[in-house]
Every structure is written in structure tokens, then in C-alpha cells.
1. Using each residue's phi in region 113-124, evaluate 6.51 cos²θ - 1.76 cosθ + 1.60 at θ = phi - 60° and report the 3J(HN,Hα) Karplus result to the nearest Hz, with x for Gly and Pro.
2. Can you tell me which of 158, 95, 83 moves the most in a GNM of the chain? Springs connect C-alpha atoms under 10 Å apart.
3. Please tell me the relative contact order of the chain in percent, rounded to the nearest whole number, where contacts are Cα pairs under 8 Å and at least six residues apart.
4. With a point put 7 Å past each Cα toward its Cβ, work out how far residue 138 is from residue 4 in nm, to one decimal.
5. Counting other Cβ atoms within 10 Å, keep those with at most 13, restrict to DSSP loop, and tell me which trypsin sites (Lys or Arg not before Pro) in region 167-217 are left.
6. Quote to one decimal, in nm, the extra length available between residue 41 and residue 154 on full extension: 0.36 nm per residue of separation minus the C-alpha distance between them.
7. Could you give me D for region 7-112, from Stokes-Einstein at 37 °C and 0.692 mPa s, where the hydrodynamic radius is the Kirkwood radius over C-alpha pairs? Units µm² s⁻¹, please.
8. Taking every pair of alpha-carbon atoms in region 106-232, what share in percent sits in each 10 Å bin, from 0 to the bin with the longest distance?
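The values are calculated or read from the model by the stated rules, or taken from the named source; none is laboratory data. Keep in mind that what you see is a predicted model, and the values were worked out from it rather than measured. Neighbour counts run over all protein chains shown; Cβ positions are idealised from the backbone, glycine included. Heavy atoms of the whole protein, side chains included, go into the accessibility calculation; ligands, DNA and RNA do not. Shrake-Rupley method; radii C 1.70, N 1.55, O 1.52, S 1.80 Å.
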Amino acid sequence: MTQANHPPQHVAIIMDGNGRWAKKRGLPRLLGHRAGGENMRPVARIFADCGVRYLTLYAFSTENWSRPRTEVSGLLSLLSRKIDQETQAFHEENIRLVHLGRQDRMSERLRKKVRAAVELTRNNTGLTLCLAFDYGGRDEIAGAARRIVDAGIRGDDIDESVVARYLRLPDVPDPDLVIRTGGESRLSNFLLWQAAYSELYFTAVLWPDFGPQDVEEALSEYERRQRRFGRI
Ligand code: IPE
Ligand code: IPE
Ligand code: MG
């Protein structure tokens, strides 16, 4: 009998299935995104209570810009509204908010809001919640390469630890568990570098429906996994 894994230190979630959740109910897709948005804080709370220290939520990919303009602008205003309405509650729950992704393609107004939320919560000592918005794994790795060149580091001196240090959140440990809701079994450009040895968990449950029972199932499945990291 092998020993069960400890609770994961870092869980990362691809929050997929909002559109289908809405469609099933005959609602516009944006209402699915709104329902999905409302599920973020409760799910963060559950993971925090289970001992998870870092939670990364994939909310908008670098590819999601290719959606219809109305959906993109709906998602941007949803983010803006969520920051207005929920930052204080996150702060009171001692949650540290971090943004993962590009900030150069959002409006100045939204960028300021994102930065203010990060600043307000920066000294909180509970869960670290990384919101991946305008995030793409390839974009992040290309950015690291650019910063390595700009820092004048010689090719011979570049190894894995150097690359890892030039990614966007060098102090956040790699995810132990990556969960994808919504039934697809792919990464869709999420944490390509960091997920090298993550346990992957795919569930058909649509993100707005993902609740305490589903968290429990994901965590107990994780407990049963045998992590080898290339060893025997
Ligand atoms: C995930 O839900 C949220 C984003 C990608 C912004 P989707 O909008 O992809 O939902 P489905 O996959 O169409 O159901
Ligand atoms: C992945 O979902 C991105 C997010 C959940 C933010 P998508 O719905 O964009 O992924 P694909 O297009 O099905 O791969
Ligand atoms: Mg989708």
C-alpha cells in the first residue's frame, strides 16, 4: 500500500463549460459566464479550507480574443464588475489576489483596477488566487525568452531554473493538480511549462455547476494518484 498524497499545494482550474451551461437553459452565453464568475469565490473558499495554498483560475485565454466581439467585451466588463464587487470580500477572507497574463491589451481603466486589487491584497497570508486572464502558456514562455535576452544572459547560462525564473510568477510553485471542467480533455494553452508533472483531472461537470462534492471527488482522486517524476 503506497502512502496517500498530501493535499495539493497548488490547484489550477480550466473553468470551461459556461457557454454550454447557458445553452442548456436557453440563456445567452454571457449569463453562463456570469454564473461561472459567481462560482469562483465559493470554490476558492473550499480549496482554501482543504489546505490548498495556491489556486489558479483560467478565465480568459490569449485565443479567446477570437470570439465574437460582444462576447469578448462582455467578458471584459464581467472582470471589471467582479473586481468592483468582490475585491473587498476576497480581502476580508485573507486571500491574496494575483494576475497572471498580459495587461497590455486591456483598457487603462481595467489595468488600474486589476493592479489596485493586487496591491490591496498583497500582504494577505491565506490562499493565493492567481487569476489567469489574457493568459497563454506559449505567450508566457515567449515573454520569458524576451526578458532573458534583454537581461543579457548568455545561451550557455540558460537552464531550466533560469527559464522558470523569467516566467511571470516565479514564486508560485508548479501546480500539483490541474482540473478541467466542461468535458474536454486538453490544456488549451494553460500553464504549458508549469504543468509538466501536474496530475490532470477532467470532469464533464460544467464550471457553473462545479461544487463542494466535485472538489471532494477531484481531491480524493488526486490522493490516489502515484506521482513518480520519472522515477520508478
Ligand atoms: C469557459 O467557458 C470560459 C471562457 C473560455 C471564457 P466557455 O465559454 O468556453 O464555455 P463552453 O465551452 O462554450 O461551454
Ligand atoms: C479554455 O477554454 C480557456 C478558458 C477556460 C479560459 P476554451 O473554451 O477557450 O478552450 P477550447 O477552445 O475549447 O480549447
Ligand atoms: Mg469552452
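1. Couplings: 5, 4, 5, 5, 5, 5, 5, 4, 9, 5, 9, 5 Hz.
2. 158
3. Working: 347 pairs, mean separation 70.9, N = 232.
31 percent.
4. About 4.1 nm separates the two model spin labels.
5. Working: sites: 168, 180, 186; in loops: 168, 186.
Counting only loop positions with at most 13 other Cβ atoms within 10 Å, the trypsin sites (Lys or Arg not before Pro) in region 167-217 are 186.
6. 36.3 nm
7. Details: Rh = 15.0 Å.
So the translational diffusion coefficient is about 218 µm²/s.
8. The distribution over region 106-232 is 9, 30, 37, 20, 4, 0, given as percents.
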